[in-house]
Amino acid sequence: MRILVVEDEPTLAAQLAEGIKSAGYVVDVAHNGIDGHFMGETEPYDAIVLDIGLPQMDGITVLKKWRASGQTLPVLILTARDTWREKVAGIDAGADDYLTKPFHMEELLARLRALIRRAGGHASTELVCGALTLDTRSSRASVDGAALTLTSHEYRVLAYLMHHQGEIVSRGELTEHIYAQDFDRDSNTVEVFIARLRKKLPPGLIETVRGLGYRLNRTQ
Ligand code: CA
């Protein structure tokens with residue numbers, strides 16, 4: 001899953017990127033409202049963390065513009081303390097959740113998990129597909145209770161497929177959701193990750209849909 005962080009304060013932006021990465025996501029960071037708005041409009045994120053007090057274009061305006069253009073993905077806003085008006089304005093502008101600064105990284109991660117889960121229509125932090133279970137809290141996967149050892153890339157591929165189980169996911173879509181923007185992407189590597197995952201998973205769980213992509217088979 002790929003997350004956009006829009007935060008102008010350099011230390012906080014770096015802490016957010018580090019914390020979110022360590023939870024198994026890939027992260028892009030924008031440091032002002034104009035860049036943030038552009039990236040949110042043009043790159044396929046799974047959720048966005050948006051500061052309200054931003055240079056060049058404030059967070060409420062950024063959010064309103066995204067929503068006006070039909071962008072539906074989950075947005076969590078960061079507000080300053082004692083600014084209830086900001087929270088109201090943010091929620092009215094289309095925010096799905098908010099956190100007041102300062103906050104604990106664990107709370108931010110829990111709220112992000114919940115937003116991504118709800119966006120995919122999943123009720124639990126544990127995603128299940130046949131014998132396979134993915135615990136989004138611990139970023140671990142298991143088959144029939146036996147833990148799988150996955151590289152970070154394998155985990156990201158599997159997590160994206162688990163959030164979209166039963167759907168056909170193209171190689172290009174997977175590539176866009178497992179790499180950050182500045183990464184030198186090669187969609188052929190997705191095939192390599194899929195091949196490695198198949199060796200660790202029950203046979204037939206990851207189907208190839210010829211010419212279209214992959215699908216997690218719920219009936220396996
Ligand atoms: Ca700020």
Would you say Leu99 is without any contact (Cβ under 8 Å) to a residue 40 or more places away in the chain, within 29 Å of Ser138 (Cα to Cα) and either touching a helix residue (DSSP H, G or I) at 6+ places or on another chain (Cβ under 9 Å) or outside the structural domain of Glu173 (by TED's automatic domain parsing) (or both)?
yes
Which members of the range 34-67 meet the condition of being within 16 Å of the ligand (Cβ to nearest atom), over 24 Å from Ala114 (Cβ atoms) and assigned to a helix (DSSP H, G or I)?
Ile34, Asp35, His37, Thr61
Those residues of the range 112-128 which are open to solvent by 70 Å² or more (accessible area, probe 1.4 Å) and of a type in the set (Lys, Arg), in sequence order:
Arg118
Which residues, counting only those in the range 1-28, are away from the ligand (no atom under 13 Å from the Cβ) and either within 11 Å of the chain's Cα centre (by Cα) or part of a strand (DSSP E or B) (or both)?
Met1, Arg2, Ile3, Leu4, Ile20, Lys21, Ala23, Gly24, Tyr25, Val26, Val27, Asp28
Restricting the search to the range 144-191, which residues are among the aromatic types (Phe, Trp, Tyr) and more than 13 Å from Arg2 (Cβ to Cβ)?
Tyr155
Would you mention how many residues in the range 132-142 are hydrophobic (A, V, I, L, M, F, W, C) and open to solvent by 30 Å² or more (accessible area, probe 1.4 Å)?
0
Pairs under 9 Å by beta carbon, first residue at positive phi in the range 9-32, partner away from the ligand (no atom under 11 Å from the Cβ), six or more apart or different chains?
Gly24/Met1; Gly24/Thr136; Gly24/Ser139; Gly24/Ser152; Gly24/Tyr155; Gly24/Arg156; Gly24/Ala159
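So how many residues does the range 68-90 have that are loosely packed, with under 14 Cβ neighbours inside 10 Å and away from the ligand (no atom under 14 Å from the Cβ)?
Qualifying residue count for the region: 8.
The values are calculated or read from the model by the stated rules, or taken from the named source; none is laboratory data. On a predicted model such as this, the values are computed, not experimentally measured, just so you know. All Cβ positions, even for glycine, are placed from backbone atoms using ideal geometry, and neighbour counts span all protein chains on display. Areas reflect the complete protein model, heavy atoms only, side chains present, ligands, DNA and RNA absent. Shrake-Rupley method; radii C 1.70, N 1.55, O 1.52, S 1.80 Å.
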